[in-house]
1. Tell me, what is the percent relative contact order of the chain, built from C-alpha pairs under 8 Å that lie six or more residues apart?
2. Can you figure out the FRET efficiency of E159 with M120, using R₀ = 51 Å and their beta-carbon distance, to the nearest 0.05?
3. Checking the table K26/K162; K26/K110; K61/K179; K50/K83 against a 30 Å threshold on Cα-Cα, which pairs fail?
4. Given N residues in the range 1-137, what is its alpha carbon radius of gyration divided by 2.2 N^0.38 Å?
5. Provide Rg and Dmax in Å for the range 162-215, with only Cα atoms included in the calculation.
6. Give the carbon-plus-sulfur fraction of the accessible surface of the chain in %, rounded to a whole number; probe 1.4 Å, heavy atoms of protein chains only.
7. Given 0.36 nm per residue, what is the gain on full extension from E33 to A15 after removing their alpha carbon distance, in nm?
8. Using the alpha carbons of the chain, what is the convex hull volume per residue in cubic angstrom, as a whole number?
Amino acid sequence: MRFMTMHKNDPQTEAGQPPPMELVQKMGQFIGEFAQSGRFLDGAGLAGSKTRTRLTFRDGKPTVKHGPYRGERELPAATLLLKVKTRDEAIGWAERYGKILGTGELELGKVNEPWDIGLMPAPENPPLQILMVEKADQASEAGTRSAKQNAELTRLRTEMTKAGVLVNTIQLQPSAKGKRLAFTNNDLRVIDGPFSESKELIGGFSIMELSGMDEAIALCRPYAAILGGTLEVDIRPLAEPDAA
């Protein structure tokens, strides 16, 4: 089974400070072990909220808010990784996506690149990768989105792929299938879904191929320890590709 683990934003990232190199090295070693076995499929860290944009839609019309801002209703239903030239280009695609949703919320967050965390000098004209997070709503949580709406979203994603903008799409199963792990000084409390929301911004995610939820929870223990031992991590199984 494939799972997404998501950790929450932290004060250091929010302040625009790069992570300590010791943390980067430990996380690289941890992920590297799973990458070598083919079980680490994808992952990224996101910059602080000052680099993000939130789009709230009512009847297809967006209200756009640029960061910095606090988290509000940070429960994802899907993520789309975009490669664009400018943030305005990403906003344009998000507005088209949100028009199909009608009512809902999207967030655009800059993906941290190796040069953003001090691993290498920035290249000339570096790419801009943006993670578009589609927030969960009643329809996505209940799996009752209309066939017409799903078809329109599929057509738009196909257009984005042909334009070289869409790198990948991840659909998540409803939060009723997930777990929320609350770590305090490395002590763990497991909270069963469904979740109404989370107030903390997503700080990063990993996609893993695992045997099941028990293994996902087990691997989050060293993952959380690397990140300081006091944080919240959500685990969500991925939907099958044809369930989008």
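1. Working: 469 pairs, mean separation 80.4, N = 244.
Relative contact order of the chain: 33 percent.
2. Numbers: r = 33 Å, r/R0 = 0.65.
The calculated FRET efficiency here is 0.95.
3. Working: K26/K162 37 Å; K26/K110 23 Å; K61/K179 33 Å; K50/K83 19 Å.
Violating the 30 Å limit, Cα to Cα: K26/K162; K61/K179.
4. 1.12
5. When restricted to Cα atoms, the range 162-215 yields Rg and Dmax of 14.6, 46 Å.
6. So the carbon and sulfur contribution to the accessible surface is 51 percent.
7. 3.5 nm
8. 125 Å³
The values are calculated or read from the model by the stated rules, or taken from the named source; none is laboratory data. These figures come from a predicted structure and were not determined experimentally. Ideal geometry is used to build each Cβ from the backbone, glycine not excepted, and the neighbour counts take in all protein chains shown. Heavy atoms of the whole protein, side chains included, go into the accessibility calculation; ligands, DNA and RNA do not. Shrake-Rupley method; radii C 1.70, N 1.55, O 1.52, S 1.80 Å.
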